[in-house]
Amino acid sequence: MERAFIIVILSVFSASQINCQEAILHISNGDTDREYCIVHNHSWTPLSKTLDAAVQYRLVNMTSTLLCDDKGVSPEVVKGKALVVMRGECDFSQKALVAQNLGATSLLIASNKTLITPSANNSEYAKVNIPLALMRYRDFLEAQQVFGEEMQVKLYAPPHSKIDPSIAVMLLISIVTVALGGFWSGACERERLNTGAAGGGGGENKADSGELSLYSPLKVVIFVALMCGMLVLMYFFYNVLVYIIIAIFCLASATALFSCLDAVMDKMGCATGSFTIKSSNFSVRSLILAAVCITIAVIWGVYRNEDRWIWILQDLLGIAFCLNFMKTISLSNFKICVILLSLLLVYDVFFVFITPFFTKNGVSIMVQVALGPDASGEKTQGNMVEVPAEPQAPSEKLPVVMRVPRFTAWAQNLCGMQFSILGYGDIIVPGLLVAYCSRFDVWVNSSKKIYFLSCCIAYLLGMITTFAVMLLSGMGQPALLYLVPFTLITSAVVAGCRGEMKQFWAGTTYEVLDSSREPLLPEGRTDGSVERETC
């Protein structure tokens, strides 16, 4: 079950960025004012960037007409004013040209259907010189109840900075998670060696401590092939499998959170406390921790679609899951690291960049699975947006990404919350190499943890490069395209410079032995007397 969930989670990681063209409609009557979501095309009809710079016009209600022609409309009624008409029958540009010829200063199109970015043929763009935007019809009806027919409006589009603070938060989450996971894996390996030395069994099987090890290239290839198959299955049977994944995530993340908190309390020296019932011992600390972790997972499961705050719990559970994953799953040598990370790099690039040529809607399989039904807008690379005209039931999404709201748009989320996201796989996959480097530092008794620190720095530089390319290109990037080369090349260079490539490539303590069949402790410490750290 655990191996199956590992394949499922790693099959659906992705990173992307939301880039929208929403704007704000400010309505007032001198005493009261309100703001509503509108959608415009900034390359066609640019709006003022601030409320103070926007020009105020009186709004004329013409929702009784579609304004496909000027029949029955008096220019004196609309001249110098903003119009609101209904959507339908003719193109946006035709409505705009009619309104412009009548002397209107701007045009709002009320819609009962999903709001989309207004567009037209290239020949029509130059003809329209007045602002054009779509608004929800229900928003207009609400404004009528509040303001009546005396409405003064301003249209403005606050700039959304590409360099949002949420990117720094995402960067911090990723590097801290990778560093902690690698450190934890190394601490567990140090304790295992100490325990083995004390008990005379330095080569005990890792399975005894609950760890799983990938040591066969064939198994790695099969593992990646299964991931590909699982991703394709989720693409075709998303509506069914999404609920299964959500249920498994609740169980796995609660277990991972318990493991992390229990390790922290061990490190702090917290007493466990115990009692006996029918010859069975129970730990008070473990029971309390289990109750807390299960409660957090259940709360997330119940309120998983509450965008305003549930992202905090999802990120907490995601961090715990990634940490526990890196501690539990170990790669036995650098050869396995190279094979696994290289295959996953090809996997990531193929399912992000190549599959859009084969899908019906032009959206990559990776994005479609990771973001769910709402991923359809990704095919336009942010040039088009879609905003529901009516409240809709939230679509289910797979819990496989870290989510942080875009803070610069926090006060402008009239059209919906905007998030920066990072897939768990972009943390876990390089994190497995960082964990291997941390364990190798223990095997060679590196007091400065040179392999671990170098790989962490390489991961940080890879993430910075990923975000930089994403901001420059304006589209989401497969982070492994940058993380894998950065981490693999850096680790290999460090091993080569230290003259330890043979050991680093072969891996585990007892796979490369000298003539005396002692572990790889080049500084002469073969007794396992390394300072103990609680795992």
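Which entries of Lys81/Lys154; Lys219/Lys449; Lys335/Lys502; Lys95/Lys127 show an alpha-carbon separation above 21 angstrom in the structure shown? Intermediate values should be presented prior to the final figure.
Numbers: Lys81/Lys154 11 Å; Lys219/Lys449 29 Å; Lys335/Lys502 11 Å; Lys95/Lys127 12 Å.
Distance filter (> 21 Å) returns Lys219/Lys449.
Applying the Karplus parametrisation 6.51 cos²θ - 1.76 cosθ + 1.60 with θ = phi - 60° to the phi angles of the range 140-151, what ³J(HN,Hα) value in whole Hz is obtained for each residue in order, glycine and proline being reported as x?
Here the 3J(HN,Hα) series is 5, 5, 5, 5, 4, 5, 7, 10, x, 8, 8, 10 Hz.
Would you mind putting 466-472, 301-307, 334-340 in packing order, based on average other-beta-carbon counts within 10 Å, highest first?
Going from most to least packed, we get 334-340, 466-472, 301-307.
Would you work out if the range 22-156 is rounded, prolate or oblate? Take a ≥ b ≥ c from the square roots of the eigenvalues of the alpha-carbon gyration tensor; rounded if a/c is under 1.5, else prolate when a/b is larger than b/c, oblate otherwise. List each step's numbers first, then the result.
Details: a/c = 1.42, a/b = 1.23, b/c = 1.15.
Rounded, since a/c falls under 1.5.
Can you tell me the equivalent ellipsoid semi-axes for the range 86-194? Use √(5λ) from the Cα gyration tensor, largest first, whole Å. Can you show the working numbers first?
On the way: eigenvalues 575, 68, 37 Å².
Output for the range 86-194: semi-axes of 54, 18, 14 Å.
Just how far, in whole angstrom, is the range 284-350 from the range 451-491 if you go by their alpha carbon centroids?
20
Multiply the residue separation of Lys79 and Ile294 by 0.36 nm, subtract the distance between their alpha-carbon atoms, and state the gained length in nm to one decimal. Write down the numbers at each step before the final one.
On the way: separation 215, 0.36 × 215 = 77.40 nm, distance 6.31 nm.
Going from the current span to full extension adds 71.1 nm.
Readers should treat all values here as calculations from the given coordinates under stated rules, not as data from a laboratory. Source: prediction; values computed, not measured. Here Cβ is always computed from backbone atoms with ideal geometry, including for glycine, and neighbour counts include all displayed protein chains.
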